[in-house]
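Quick notes on the structure that follows.
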Amino acid sequence: MSKSPPSGAALRVSALAQNAATPFLVQPDAAAMVVIAEELALSGLRKLRFGGEVRGHGATDWLLSGTLGATVTQPCGVTLKPVTTRIDVPVRRLYVRDLQEVDAPEVEMPEDDEVEPLTQWIDPEVVMIEALSLSLPLYPRADHAEPLPETVLTEPGAAPLTAQAMKPFAGLAALKDKLEGDDDS
């Protein structure tokens, strides 16, 4: 069992009051935000704040609930220009003492993705980074960013294979047009 906390924000479960909420507030300094931004491949990270509480849930489990706020900068998926996004999301994790972990090569994801196994520590800092990474826009887009034009490469004399031609019913439409053209003759 580890006696030292995994981070400065970690809470030792044995020291938590079962019948009262334990508040927490994680506000990393500028140097820590640079490290987090690098870890999450962000161009910039400002105003990162995660606050909430941990309270007993039933006889043996613990509930962490809070709000994550951050301003992130990422490159636009089309133009690579910086895109700034404000994130404000509720965060909830239920730490369960008797959670059965499945050790199999293939496992279905559980429906409740907020459930975690209870260990010696509950670490709001780890939850903050995980929640931030899950809340990031997958494809940030700058205002007025136009999609890239389609690139078509083919051999000389051959018909180009475009995205439109690859659609499942494009061949049937061409056949229909040809058959309708033959009927007119």
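The values are calculated or read from the model by the stated rules, or taken from the named source; none is laboratory data. Predicted, not measured: the structure shown is a model, and the values here were computed from it. Cβ coordinates were reconstructed from backbone atoms using ideal geometry, including for glycine residues, and neighbour counts include every protein chain displayed. All accessible areas refer to the heavy atoms of the entire protein, side chains included, with ligands and DNA or RNA removed. Shrake-Rupley method; radii C 1.70, N 1.55, O 1.52, S 1.80 Å.
Condition first: free of Cβ contacts under 8 Å to residues at least 40 places away in the same chain and either of a type in the set (S, T, N, Q) or surrounded by fewer than 16 Cβ atoms within 10 Å (Cβ to Cβ) (or both). Now tell me which residues in segment 33-42 satisfy that. Residues satisfying the conditions are VAL34, VAL35, GLU38, ALA41. For ALA10, the stated conditions do not hold, so it cannot be described as at pLDDT below 90, open to solvent by 40 Å² or more (accessible area, probe 1.4 Å) and of a type in the set (Gly, Ala, Ser). For segment 13-31, check the following and say yes or no: at least one residue is of a type outside the set (Phe, Trp, Tyr), more than 30 Å from ARG97 (Cβ to Cβ) and surrounded by 15 or more Cβ atoms within 10 Å (Cβ to Cβ). No; the residues of segment 13-31 include none that is of a type outside the set (Phe, Trp, Tyr), more than 30 Å from ARG97 (Cβ to Cβ) and surrounded by 15 or more Cβ atoms within 10 Å (Cβ to Cβ).
The one condition from (1) surrounded by 13 or more Cβ atoms within 10 Å (Cβ to Cβ); (2) touching a residue at least 40 places away in the same chain (Cβ under 8 Å) that VAL115 does not meet is (2). Can you tell me which residue within segment 43-77, out of those that are touching a Leu at 6+ places or on another chain (Cβ under 9 Å) and open to solvent by 40 Å² or more (accessible area, probe 1.4 Å), is modelled with the lowest pLDDT? My answer is GLY77. For the residues PRO149, PRO140, the requirement of being part of a loop (DSSP other than H, G, I, E, B), open to solvent by less than 100 Å² (accessible area, probe 1.4 Å) and either out of contact with any Cys (no Cβ under 6 Å at 6 or more places or on another chain) or at pLDDT 75 or above (or both) singles out PRO140. Say whether the condition of being modelled with pLDDT of 80 or more, open to solvent by less than 100 Å² (accessible area, probe 1.4 Å) and farther than 25 Å from MET33 by Cα is met by at least one residue in segment 120-127. Yes: one or more hits.
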